Amino acid sequence: MEYRLQRRCDFALKALLLCCATVLIPLSIYNLHNRGDWSLADWLINYSSGFVRRGLIGSGFLALARMHIPVVASVLLVQLGVYGVTLVGVWRIFREVDWTFGLLLIIFSPATLQFPLMDPGFALRKEILLYATLTFVLIFAGRMRTSWLILSLLLIVAAMVLSHEAIFVYLPYVVAALFLVTRDLRRTLLISLLPLIVAALCFLSVSHHPGGASAAQAICVAVKNTHPPHAETICGGAIDYLAQTSDFAREHVLRVSNAEHYWRVMPTLFLLSAFPFVWQLETMRRLGQRREAFVIGGCALLATLGSIGLFLFGTDWTRWVSIHAFCLMLLCGFAASRRRNAEHDTGARPLSRSRLMVGGAALAVYALAWNLALYQPRIPLGGLVHYVVMARRDA
């Protein structure tokens, strides 16, 4: 890509990242104060009733609360710190790429960086721990001794799975990240084997301790003792859900999916979300990165198969899709940056003015004309444009 166009794409990425950082700060504050039953309570699930799924990080926040540090402040700082690290990582990865149409579609997709802006209820949930881990692996793993890398990953993946069990099914993306860094399948398996075994043991442990009514009640009392905002409703979401059985969760998914027309809307949204990654993997294959494309695609397939259970027992279908998309965004960006650094030549043909205009128009339509927001009776058209208009009406 010619230098001037490359600089324009870099500037557009900077603007998008700045927009995300600027909007997510007040959005996170709003969520923690006004959507606390999910946005705050999920971070505060703890071990006050004994070992229970998702309780690790919440126990840390409760310990801080006993030191008279407000839980909203501590959760907010962790959320913004972790996601801030992720956004910096996105910039460090993508500033090294030669932009392709596929990469532009990925970056500006409503399923990646735009997603928490379009569906604010899902902003800065626990999957940001996974995003920060991936950026850590992609940026720093190549500089670490193998023993320290294994130990670091072991502790990180264990903490993530004990904080939210759903992260376990997305761990194939961490393996793919290790391969992209090492370019050695044997070393990748050596590094990832012990952390994956520990993660699997943690997953089995939390699967046998899902919670229950007594656990939810004890956790609720402990959380209310921290004096969160809207304490009377703080237990009505994530904490209350610990008391429900898997049969209830499955029936709830069936009920919500029928009422909210999931089967009519979601297939199209899934295809729209997946399209840029299929395009980019084919571009990678064509430009000589067959092994990288195969590993990324294979790990994505494993993670997709593993996440089927999330769709069966959780109604947050667009959230599960967005996690896939964000992880793949980081992997595809890093692979593109490695190719540029290795070859200094993309082999791309100069683009005519007409092709640039058509490509720009197609990118604008894709980025702005739809969104991945949940609970839509039809394909949600309008995307970012609709969001801005509605926000101005509500102001």
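The values are calculated or read from the model by the stated rules, or taken from the named source; none is laboratory data. The shown structure was predicted, so the numbers you read here are calculated from the model rather than taken from an experiment. We place every Cβ from the backbone using ideal geometry, glycine too, and count neighbours over all the protein chains shown.
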Which pairs do you get when a residue that is free of Cβ contacts under 8 Å to residues at least 40 places away in the same chain, found in the range 1-20, comes within reach of a residue that is charged (D, E, K, R) and in a helix (DSSP H, G or I), reach meaning Cβ atoms under 8 angstrom, with the pair 6+ apart or on two chains?
none
Could you list all residues from the range 207-233 that are touching a residue at least 24 places away in the same chain (Cβ under 8 Å), of a type in the set (A, V, I, L, M) and within 20 Å of Ala63 (Cβ to Cβ)?
Ala215, Ala218, Ile219, Val221, Ala222, Val223
Only one residue in Val71, Val78 is farther than 30 Å from Gly333 by Cα and touching a Phe, Trp or Tyr at 6+ places or on another chain (Cβ under 8 Å), so which one is that?
Val71
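Results for (1) modelled with pLDDT of 95 or more; (2) more than 30 Å from Gly360 (Cβ to Cβ), shown as yes or no for each residue.
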| site | (1), (2) |
| --- | --- |
| Leu103 | yes, no |
| Ser109 | yes, no |
| Met118 | no, no |
| Ala132 | yes, yes |
| Ile139 | yes, yes |
| Leu153 | yes, yes |
| Leu162 | yes, yes |
| Ile167 | yes, yes |
| Tyr170 | yes, yes |
Residues of the range 67-123 being among the hydroxyl-bearing types (Ser, Thr, Tyr), out of contact with any Pro (no Cβ under 9 Å at 6 or more places or on another chain) and assigned to a helix (DSSP H, G or I), which ones?
Ser74, Thr86
In the range 304-335, which residues are more than 23 Å from Trp38 (Cβ to Cβ), surrounded by 21 or more Cβ atoms within 10 Å (Cβ to Cβ) and among the small types (Gly, Ala, Ser)?
Gly333, Ala335
Hey, among Pro267, Pro377, which residue is touching a His at 6+ places or on another chain (Cβ under 7 Å) and at pLDDT below 95?
Pro377
Only one of Leu162, Leu171, Leu124, Leu134 is on the phi > 0 side of the Ramachandran plot and touching a helix residue (DSSP H, G or I) at 6+ places or on another chain (Cβ under 8 Å). Can you tell me which?
Leu124
Can you give me the number of residues within the range 234-260 that are in contact (Cβ under 8 Å) with a residue 60 or more places away in the chain and exposed (fewer than 15 other Cβ atoms within 10 Å of the Cβ)?
2
How about the range 7-34: which of its residues are under 12 Å from Val72 (Cβ atoms) and of a type outside the set (Phe, Trp, Tyr)?
Ser28, Ile29, Asn31, Leu32, His33, Asn34
Is there a residue being under 20 Å from Ser214 (Cα atoms), assigned to a helix (DSSP H, G or I) and either modelled with pLDDT under 95 or hydrophobic (A, V, I, L, M, F, W, C) (or both) anywhere in the range 45-55?
no
Taking the conditions exactly as written (over 21 Å from Pro110 (Cβ atoms), out of contact with any Ser or Thr (no Cβ under 7 Å at 6 or more places or on another chain) and either hydrophobic (A, V, I, L, M, F, W, C) or not in a helix (DSSP H, G or I) (or both)), does Ala303 satisfy them or not?
no
Of the criteria (1) modelled with pLDDT under 95; (2) more than 25 Å from Lys224 (Cα to Cα); (3) crowded, with 23+ Cβ neighbours inside 10 Å, which one Asp98 fails
(3)
Residues of the range 4-39 being over 14 Å from Arg95 (Cβ atoms), surrounded by fewer than 14 Cβ atoms within 10 Å (Cβ to Cβ) and of a type in the set (Phe, Trp, Tyr), which ones?
Tyr30
Kindly indicate the residue of the range 44-60 that is of a type in the set (A, V, I, L, M, F, W, C) and crowded, with 21+ Cβ neighbours inside 10 Å and also farthest from Leu32 (Cα to Cα) among those meeting that condition.
Val52
